[in-house]
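Colleague: Can you read through this structure? Questions will come right after.
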Amino acid sequence: MDSDRRKFLTATSAVLAVSTWSDATRAQVGKASVRKIATEEAFATPELVAAWLDIARSDPAASLDISTGILSIFDNPRPGSNQDRFRRQLLDIDTERLHDMDGAGVDMQLLSVTIPGVQIFEPARASALAITTNDHLAAAIARHPTRFAGLACFAPHDPVQAVREMERAVNVLGLKGFIVNSHTHDLYLDDPRFAPVLEAAEALDRPIYLHPRAPSNGMAAPFRDYSMGGSIWGFGVEAGTHAVRMILSGVFDRYPRLRIVLGHMGEALPFWMWRLDHMAARRAKDGRMKPLSLAPSDYFRRNFAVTTSGFESPEVLDLVIKVAGIENIMWAIDYPYESSRDAAAFIDGADLTGEQRARIFYRNAERHFHLI
Ligand code: MN
């Protein structure tokens, strides 16, 4: 037998053997040298998909998310298209997802519901869907406790129920933090109505992952052309604006231990940080802005963490390390929207020390999300 054929047979039998191994064994096989925890990994439930399609069909102007994502992914996507794959992979937990993780050496995905989550629904329905979605997530984690952890959703616009669900999610279901898909009916988390939610996140000592969605109705118009509402530009503008509102409104003076996680290398805030500091100081002096206890960049280091989801730029990684601090950067893929292998290769190949790489790949996630 020539050596190529022997190699092929060896590889084939290894693949066949993998399918009968336990989750823990497969994790060992797929693992390169450094543990990898991916922190912004999306899923959906059949119940949510049906509810999103109901709104998309009955009230298509309700949110820009309907045209940028919901309809293209969930309303009969063209077979073989990326959108068709997204739909299939969002709804799967146990098969294709684990196979993808094994192939890219991903030890664990921190799962969160994909946009727009439950926040597009009216309050009572949003709260009911949050409960069933979190139960679905907890059951998936229970089937694969070494491979998945999760972030809970809740209905910010139903604050009493939201706090109840946040407490249940952490104390009963064992979820590790929260996902907020940016604005809720065009309101942002600095709005006083949402104060109980911020207070609960701080008291429970669990981060809120502030994930993008398409720009709110108040600023959506210029994003409707050229497919600009989604991940190419609109998502970052929306989530970045949300984070700046939280900083400049004094949220972090009121909740000094609150931790917000931003994806996509910080949604452009690291680039803007010098100018935010410069203008915040000038406006406070002029009396045009309520003075803050700290500079925006101080809050950014104290109250935020940043992930690398869907952003493979070495120059931006350097900047984020300088602005956010190496202790506040976590690895993420943005599965299924981005490639797990490419995301892993980006950090594997980045100009980092072994210590920095370990922090980004898993150690910061373990600390921020209480994974160990
Ligand atoms: Mn994402």
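The values are calculated or read from the model by the stated rules, or taken from the named source; none is laboratory data. If you're wondering where the values come from, they're calculated on a predicted model, not measured in any experiment. In this analysis, Cβ positions are derived from the backbone assuming ideal geometry, glycine residues included, and neighbour counts consider all displayed protein chains. We work out accessible area using only protein heavy atoms, side chains counted, and drop any ligands, DNA or RNA first. Shrake-Rupley method; radii C 1.70, N 1.55, O 1.52, S 1.80 Å.
Colleague: Could you rank ASP135, ASP286, ASP92 by how accessible they are, 1.4 Å probe, largest area first?
Modeller: Of ASP135, ASP286, ASP92, the descending order of accessible area is ASP286, ASP135, ASP92.
Colleague: Quick check: with the 1.4 Å probe, what order do ARG193, ARG259 take by accessible area, largest first?
Modeller: The ranking, largest first, comes out as ARG193, ARG259.
Colleague: Run the helix sum for the chain: -39,500 (n - 2.57) per DSSP H stretch of 4+ residues, divided by residue count, reported at 222 nm to the nearest 500 deg cm²/dmol.
Modeller: Mean residue ellipticity, 222 nm, calculated: -14500 deg cm²/dmol.
Colleague: Further, regarding this structure: Please give the charge dipole size of segment 25-180, origin at the Cα centre, charges +1 on K and R Cβ atoms and -1 on D and E Cβ atoms. Round to the nearest 20 debye.
Modeller: My answer is approximately 520 debye.
Colleague: Quantify how much of the Cα-Cα distance distribution of segment 315-372 extends past 16 Å, in percent.
Modeller: Roughly 44 percent, rounded to a whole number.
Colleague: Ok, one more. Over the chain, with the other protein chains present, what is the accessible area per residue in square angstrom, probe 1.4 angstrom? Provide the component values of the computation, followed by the final result.
Modeller: Numbers: 16290 Å² over 372 residues.
Value for the chain: 44 Å² per residue.
Colleague: Based on Cβ point charges of +1 for Lys and Arg and -1 for Asp and Glu, what charge dipole magnitude is obtained for segment 195-333 about its Cα centre, in debye rounded to the nearest 20?
Modeller: Magnitude of the dipole: close to 500 debye.
Colleague: Regarding segment 33-368, what whole-number volume in Å³ per residue does the convex hull of its Cα atoms give? Write down the numbers at each step before the final one.
Modeller: On the way: hull volume 43.1 nm³, N = 336.
Normalising the Cα hull of segment 33-368 by residue number yields 128 Å³.
Colleague: Continuing with the same structure: At 1.4 Å probe size, what's the solvent-accessible area of TRP233? Round to the nearest 10 Å².
Modeller: 150
Colleague: Carbon and sulfur together cover what percent of the accessible area of segment 273-328 at a 1.4 Å probe radius?
Modeller: 54
Colleague: Students sometimes get this wrong: rank LEU187, LEU175 by accessible area, probe 1.4 Å, all chains present, largest first. Walk me through the numbers on the way to the answer.
Modeller: Details: LEU187 55, LEU175 5 Å².
The ranking, largest first, comes out as LEU187, LEU175.
Colleague: Now, a different point. With every protein chain left in place and a probe of 1.4 Å, what is the accessible surface of ASP348, to the nearest 10 Å²?
Modeller: Approximately 70 Å² for this residue.
Colleague: Let me ask you something else. Normalised by the residues of segment 33-368, what does the relative contact order come to in percent, with Cα pairs under 8 Å and at least six apart?
Modeller: 19
Colleague: For the chain, take the longest principal axis of its alpha carbons; what is the angle in degrees between that and the long axis of helix 123-143, to the nearest 10 within 0 to 90?
Modeller: Tilt relative to the chain: about 30 degrees.
Colleague: About its Cα centre, what dipole magnitude does the chain give when the only charges are +1 on Lys and Arg Cβ and -1 on Asp and Glu Cβ, stated in debye to the nearest 20?
Modeller: 640
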